[in-house]
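Notes for the one structure printed next.
The values are calculated or read from the model by the stated rules, or taken from the named source; none is laboratory data. Keep in mind that this is a model prediction, so the values were computed, not measured. With ideal geometry, Cβ positions are generated from the backbone for all residues, glycine too; neighbour counts draw on all protein chains shown. With ligands, DNA and RNA removed, areas are computed over all heavy atoms of the protein, side chains included. Shrake-Rupley method; radii C 1.70, N 1.55, O 1.52, S 1.80 Å.
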Amino acid sequence: MQLQNSSSKPSEDLSKNNLQDENMIVENSPAEAIQSWLVTKLSKQLSLNAKTIDVREPLTRYGLDSIDAVTLVGDLEDWLGCELPSTLLWDYPTIEKSAEYLVKEFDVSAAVSSVASSNVKDASDDKTEKVEASSKSSGWGGLWNRISGS
Amino acid sequence: MNFSDFSFWWVLFLIGVPFFTVRYIGKYLNIWRDYLDSIGLMVLSLMLFVNASRSSFIIFAFEIIFNYVMVRLMLRRRGWESQAIAATVIGIDIAILAYFKYVNFFVEDVLGLFVGGVTASWQQRGGIPGAGAIPPGISFYTFQMVAFVVDSFRSKNKQPIGVVDYINFVSFFPQVVAGPIERRADLFPQIESFRFKFSAENFEDGLKWLSLGLFMKLVLADNLSPYINLQETGNVWLVWLSIYLFTLRIYFDFAGYSFIALGLAKFVGVQLTLNFIAPYTSPSIQEFWRRWHVTLSTWFRDYVFLPLMGAKKQWAAFYLFVTFTLSGFWHGAAWNFIIWGAYHGLLLLVLRYAGRPFYRFVGERLFMPQFLSWALTFGSVMLGCLFFMESDMTRLGQKLQTLVTPWAYSFSNLGAAMSSFSANEGAVLVLILFLTTAELFLEHLAVWQKRKCEYDLLLSPWLTRVLLGLTILLAANTPSKFIYFEF
């Protein structure tokens, strides 16, 4: 399953850059939120395009090695605020399986929802800034834009 | 157990038939108690071990008693006392392994480098009694015992363990000599509730794995073995051919063993861990190590790599290299195994720190199709196999020199290589290579089709019967020893 075909999308993309609809975050399940987080992290760590990451492919297919596996689990612990098994990404070698396991075995809903709500807030702030910016650009900014051709 | 030794099957038959006859009558008359199944399994396993090696059985029996008593004691204690017992047991287990496996190497190869004449006088004295002859299975059952101590120490369940259950856990006859190295959480619950389960489903499942394992070992590995020429150092084509054949052989030999063990265990209703998951389909060296000898890799990960590293994750690369080198050293007390381990550790690090930027630079998908990734991975594994198979360091150096000499790749050398086989030998080699390619292709196909198990196609009912038939027809006349028995 390619990520772009699934309902799960990188949370950071959702919150900051590509957010089309705030409700999408609220509707995301904890498993999808974790999947999104892992896709984003993995794409950054391995310099991959997030859209090409298939959550059902083994992580090693993207070049994930033992060093990535332990550091990624460390980051995941910081994000979710709970202690996770170091062998998580060996025992559950795909993003989908890891996310399912985490939702099943750990109370991640609080951490995920707090991140989601902060994302919503960020997105909302972002939207307000954009509205303000666009209202500015419709005044002097707009004139400047027309003059500068930007 | 040596599955290619006729006496293994003979003893299994001689003990099994009377035992199961008595069991059947006892069950029929309702006088057979369930725990007698565990005792029967224990007797069967121990008798098969005695048959495999009487002298080693004494060491094995001592280690079982010692470990059982100490683990029982450990489970009753708390805090530092429990920790001290665990450390002592692990220390003694490793010391016994080191005594048989590494003393000669340290004196002759390490100490001999610095102190002149040590090697000669040591060899004259005959070394330490018993050292040098590695008792069969000692590496595997030692690792399983060590893992059991650690897992029991970490376990929240501190209930005492039964002596028969412990003996069965360590000596379970399909896997005691060459793995898979089973963990407490996977095997012990099955052993605790052990009952012989001869269901049609277990029989069918067991037969499938047994057929695949026997085909891999007796047809593929054993028929490839005679073509591996360790002496050849001058003809580059023959050197490469031997490396290639050894790469295939070691997989079919050990995976074959593991699958026979898996099949035998299934017959009696026990599920063992899949020790090989089509490793030669890997498109990266990272993935290769998740598919090759899985239980050993996870053992080193859980009991060496992660504890060594601890919280120092910024040093992960260093500890990864150390772990791979140690894993090489475990395979054998010789420089070539240390080089092999270090080579794989280094390979992972080079790919990570140099390969990734390069991969990014050239464009990930455009220049690196999946096939090329696979070919590079397989090539790297093959080169590693040269270090694994060649224990003579002088010869290893000569072979490496030949491989990097451009003019060694001449047509005249190719002609000489081809004429080194008779027509019959060549025909047999081509046939066996055709079968190995077909086998590996079916593994690839299952991976591409994203099947649940990589051996799904090879385990299909009709193909299993074909493999069994081919084993009867094409099994090598002289089965070679299992490679992993030397470790």
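In region B:223-246, the residues that are free of Cβ contacts under 8 Å to residues at least 60 places away in the same chain reach residues that are part of a helix (DSSP H, G or I) and of a type in the set (S, T, N, Q) with C-beta atoms within less than 6 angstrom, at least six apart or across chains, in these pairs: B:229/B:242. Taken over region B:404-414, the criterion of being touching a residue at least 12 places away in the same chain (Cβ under 8 Å) and open to solvent by 20 Å² or more (accessible area, probe 1.4 Å) is satisfied by B:405, B:409, B:413, B:414.
Residue check: is residue A:75 within 11 Å of chain B (Cβ to nearest Cβ), acidic (Asp, Glu), within 21 Å of residue B:359 (Cβ to Cβ) and surrounded by fewer than 21 Cβ atoms within 10 Å (Cβ to Cβ)? Judged against the criteria, residue A:75 is not a match.
Every listed requirement among (1) surrounded by fewer than 20 Cβ atoms within 10 Å (Cβ to Cβ); (2) out of contact with any Lys or Arg (no Cβ under 9 Å at 6 or more places or on another chain) is met by residue B:202 save one, (2). Checked against (1) surrounded by fewer than 21 Cβ atoms within 10 Å (Cβ to Cβ); (2) at pLDDT 90 or above; (3) under 27 Å from residue B:396 (Cβ atoms), residue B:303 meets all criteria but (3). Among the residues of region B:282-300, those that are within 11 Å of chain A (Cβ to nearest Cβ), out of contact with any strand residue (DSSP E or B) (no Cβ under 7 Å at 6 or more places or on another chain) and open to solvent by less than 40 Å² (accessible area, probe 1.4 Å) comprise B:282, B:283, B:284, B:285, B:286, B:288, B:289, B:291, B:294, B:297, B:298, B:300.
Could you tell me whether residue B:357 is surrounded by fewer than 17 Cβ atoms within 10 Å (Cβ to Cβ), modelled with pLDDT under 85 and away from chain A (no Cβ under 11 Å)?
Considered against the rule, which asks whether it is surrounded by fewer than 17 Cβ atoms within 10 Å (Cβ to Cβ), modelled with pLDDT under 85 and away from chain A (no Cβ under 11 Å), residue B:357 comes out as no.
Filtered by the rule that a residue be open to solvent by less than 20 Å² (accessible area, probe 1.4 Å), away from chain A (no Cβ under 14 Å) and part of a helix (DSSP H, G or I), region B:255-281 gives B:255, B:256, B:257, B:258, B:259, B:260, B:261, B:262, B:263, B:264, B:265, B:280.
Condition check for residue B:252 on (1) open to solvent by 10 Å² or more (accessible area, probe 1.4 Å); (2) part of a helix (DSSP H, G or I): one failure, at (1). Using the structure shown, decide if residue B:267 is within 27 Å of residue B:429 (Cβ to Cβ), touching a helix residue (DSSP H, G or I) at 6+ places or on another chain (Cβ under 9 Å), at pLDDT below 95 and among the hydrophobic types (A, V, I, L, M, F, W, C). Judged against the criteria, residue B:267 is not a match.
Among the residues of region B:39-67, those identified as within 15 Å of residue B:8 (Cβ to Cβ) and among the aliphatic types (A, V, I, L, M) are B:44, B:46, B:47, B:48, B:50, B:52. Entry remark, region B:91-114: residues being farther than 20 Å from residue B:66 by Cβ and small (Gly, Ala, Ser) number 1 in total. For region A:30-56, the tally of residues that are at the interface with chain B (Cβ under 9 Å from one of its Cβ atoms), closer than 30 Å to residue B:324 by Cα and open to solvent by 20 Å² or more (accessible area, probe 1.4 Å) stands at 3. Of all residues in region A:62-72, exactly one satisfies the criterion of being open to solvent by 10 Å² or more (accessible area, probe 1.4 Å) and more than 7 Å from chain B (Cβ to nearest Cβ), namely A:62.
Of all residues in region A:78-96, those satisfying the criterion of being more than 13 Å from every other protein chain (Cβ to nearest Cβ) and outside any loop (DSSP other than H, G, I, E, B) are A:79, A:80, A:95.
Here's the yes/no breakdown for (1) free of Cβ contacts under 8 Å to residues at least 40 places away in the same chain; (2) farther than 17 Å from residue B:219 by Cα:
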residue: B:445; (1), (2): yes, yes
residue: B:450; (1), (2): yes, yes
residue: B:456; (1), (2): yes, yes
residue: B:462; (1), (2): yes, yes
residue: B:477; (1), (2): yes, no
residue: B:480; (1), (2): no, no
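Of all residues in region B:24-41, those satisfying the criterion of being open to solvent by 30 Å² or more (accessible area, probe 1.4 Å) and either over 29 Å from residue B:256 (Cα atoms) or touching a Ser or Thr at 6+ places or on another chain (Cβ under 7 Å) (or both) are B:24, B:25, B:27, B:28, B:29, B:30, B:31, B:32, B:33, B:34, B:35, B:36.
Residue check: is residue B:323 touching a Gly at 6+ places or on another chain (Cβ under 8 Å), facing chain A (nearest Cβ under 10 Å) and open to solvent by less than 40 Å² (accessible area, probe 1.4 Å)?
Criteria met by residue B:323.
For region B:306-333, the candidate set comprises residues that are under 19 Å from the mean Cα position of the chain (by Cα) and of a type in the set (Phe, Trp, Tyr); within that set, the residue that is nearest to residue B:384 (Cα to Cα) is B:324.
Do we have residue B:82 as open to solvent by less than 80 Å² (accessible area, probe 1.4 Å), under 27 Å from residue B:258 (Cα atoms) and not hydrophobic (A, V, I, L, M, F, W, C) here? Considered against the rule, which asks whether it is open to solvent by less than 80 Å² (accessible area, probe 1.4 Å), under 27 Å from residue B:258 (Cα atoms) and not hydrophobic (A, V, I, L, M, F, W, C), residue B:82 comes out as no.
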